[in-house]
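Peer 1: Below is a structure I'd like to ask you about.
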Amino acid sequence: MKIGILGATGTAGLEFVRALTGHPWFEITELYASAKSVGKTVEEACSVDIRRELHTLPDTVLGMTVKGLDNISSGIDLLCSALPSDVAKDVEGECAVHTPVVSTTSAYRYDEDVPIMITEVNADHYKALELQKKRGWKGWIAPGPNCTTVGLVMSLYPLLHTVGINKVIMSSYQSVSGGGSDLIQKWKSQKKAELPTPLEGEVPLETVNVMVEGNVIGYIEKEEEKVQKETRKILGSYHDSLFIPNILRVDCSCVRVPTLYGHFETVFVETTENCSAETVKLLWEQYNVLWNEKYGNLPSSPKKTIHVMERTPQPYFDAFAGGGMSIVTGRVEKTVFSNGIKYQVLSNNTKKGAAKGMIQVAEYLYSIGFLREK
Ligand SMILES: NC(=O)c1ccc[n+]([C@@H]2O[C@H](COP(=O)([O-])OP(=O)(O)OC[C@H]3O[C@@H](n4cnc5c(N)ncnc54)[C@H](OP(=O)(O)O)[C@@H]3O)[C@@H](O)[C@H]2O)c1
């Protein structure tokens, strides 16, 4: 299948490139980005900090020329979008008129005829893509979740379907790469000496809200609303052309921390049935077997979807478990509250949480014959 990538020069876009390089079913044929990248090769167009990480890609890909969004071919079988959401709203909609789109953006996530897809959790929600024909589209748009939602939802799913869940409280510690190439660049180039000393009187928020070593940013715009809304939609059902969100209550607090890859979370769950920490670990292991049977044939699926650890998951060491497609859980314990379980979970925000996760969705849709060559 011929694949085009929208926003190919950014953090998530380059992960699409990586996920598709040497892919057995899919082949990259076109790359698109903004006017500043048009006519450049991938290597020339990428920001200096990202360029250092390009060595894993073959010369054939690095030498491909980037095109503009005014030049998108209708002969492509599938477009993978990693554009900023405001740009994606018009562009993905125009593309879906003729071509299917898998997307890392939030542009269409909350529409009534659009699923938010995680292969292991709600692959059957793809049926909603049929509804999009009413928009006059020959293609469709299948977005994935916000990168913070992924680890939470995947770890909750086995519990929801066995012991039941009433309530979830999550705190995230999200890496810099989740903010895209600009944030990575700012983080790497910022000099501590340039900063004011915050303790000397009142300093405006925009001055101190900077991602430097030694700082955390206690608020990520719209992130918490996204996690709450998406968790309920993904874990809900799709029936008779309607999404029915799950009734579980979710609250969260999302924070940016100075790590490069991987979103770490602490999760408190009130289960419906009382259960032990050992039961939770066992359920995750049982779902590993189930998921492997169902989705192990997809080229991007990891051998083990949930790595259950006794120690705490660590972004530096564990963010690339299973090629960035596994989630890593640890420190599962009972809480002092009744029916309470707490644990930690880590997921890779650019891979499972973005581009590679959406390639896995495309693989699933291709494997069942829903996504076809034109
Ligand atoms: N980073 C993550 O971990 C992550 C995870 C999940 C979802 N997402 C979502 O994925 C999308 C991309 O995020 P990112 O972090 O990869 O951002 P990014 O690093 O800033 O990359 C943005 C990409 O979009 C292109 N672009 C920007 N403005 C454009 C315009 N007006 N016309 C055409 N192309 C334009 C850029 O091209 P130039 O290089 O030419 O400027 C670049 O290729 C966002 O919607 C984000 O919310 C990101």
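Peer 1: How many residues does region 147-179 hold that are within 16 Å of the ligand (Cβ to nearest atom) and either outside any loop (DSSP other than H, G, I, E, B) or in the same structural domain as SER103 (by TED's automatic domain parsing) (or both)?
Peer 2: Initial filter on region 147-179 (within 16 Å of the ligand (Cβ to nearest atom)): 147-154, 172-179.
This time we only want the ones that are either outside any loop (DSSP other than H, G, I, E, B) or in the same structural domain as SER103 (by TED's automatic domain parsing) (or both), so: 147-154, 172-174, 176-179.
Going through region 147-179 one residue at a time, the tally reaches 15.
To keep it simple, each residue is scored yes or no on (1) at pLDDT 95 or above; (2) assigned to a strand (DSSP E or B); (3) within 16 Å of the ligand (Cβ to nearest atom); (4) in contact with an Asp or Glu (Cβ under 8 Å, 6 or more places away or on another chain).
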site	(1), (2), (3), (4)
LEU298	yes, no, no, yes
LYS304	yes, no, no, no
HIS307	yes, yes, no, yes
GLU310	no, no, no, no
TYR343	yes, yes, no, yes
ASN349	yes, no, yes, no
LYS352	yes, no, yes, no
GLY357	yes, no, yes, no
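Peer 1: State which residue is surrounded by the most Cβ atoms within 10 Å (Cβ to Cβ) when the search covers only region 97-131 and only residues that are assigned to a helix (DSSP H, G or I) and touching a helix residue (DSSP H, G or I) at 6+ places or on another chain (Cβ under 7 Å). Reasoning before the result, please.
Peer 2: Of the residues in region 97-131, the ones assigned to a helix (DSSP H, G or I) are 119-131.
Of the ones still in play, those that are also touching a helix residue (DSSP H, G or I) at 6+ places or on another chain (Cβ under 7 Å) are 119-123, 126.
Working: THR119: 27, GLU120: 24, VAL121: 20, ASN122: 22, ALA123: 18, TYR126: 20.
The residue in question is THR119.
Peer 1: Scan region 259-290 for residues that are crowded, with 19+ Cβ neighbours inside 10 Å, of a type in the set (Asp, Glu) and part of a loop (DSSP other than H, G, I, E, B) and report the count.
Peer 2: The qualifying residues number 0.
Peer 1: Give the residue, chosen from ALA12, ALA45, ALA88, that is within 13 Å of the ligand (Cβ to nearest atom), at pLDDT 95 or above and over 27 Å from LEU131 (Cα atoms). Please lay out each step first, then the result.
Peer 2: Details: ALA45 fails: at pLDDT 95 or above; ALA88 fails: over 27 Å from LEU131 (Cα atoms).
After applying the criteria, what remains is ALA12.
The values are calculated or read from the model by the stated rules, or taken from the named source; none is laboratory data. If you're wondering where the values come from, they're calculated on a predicted model, not measured in any experiment. Quick reminder, even Gly has a Cβ in these numbers, built from the backbone with ideal geometry, and neighbours come from all protein chains shown.
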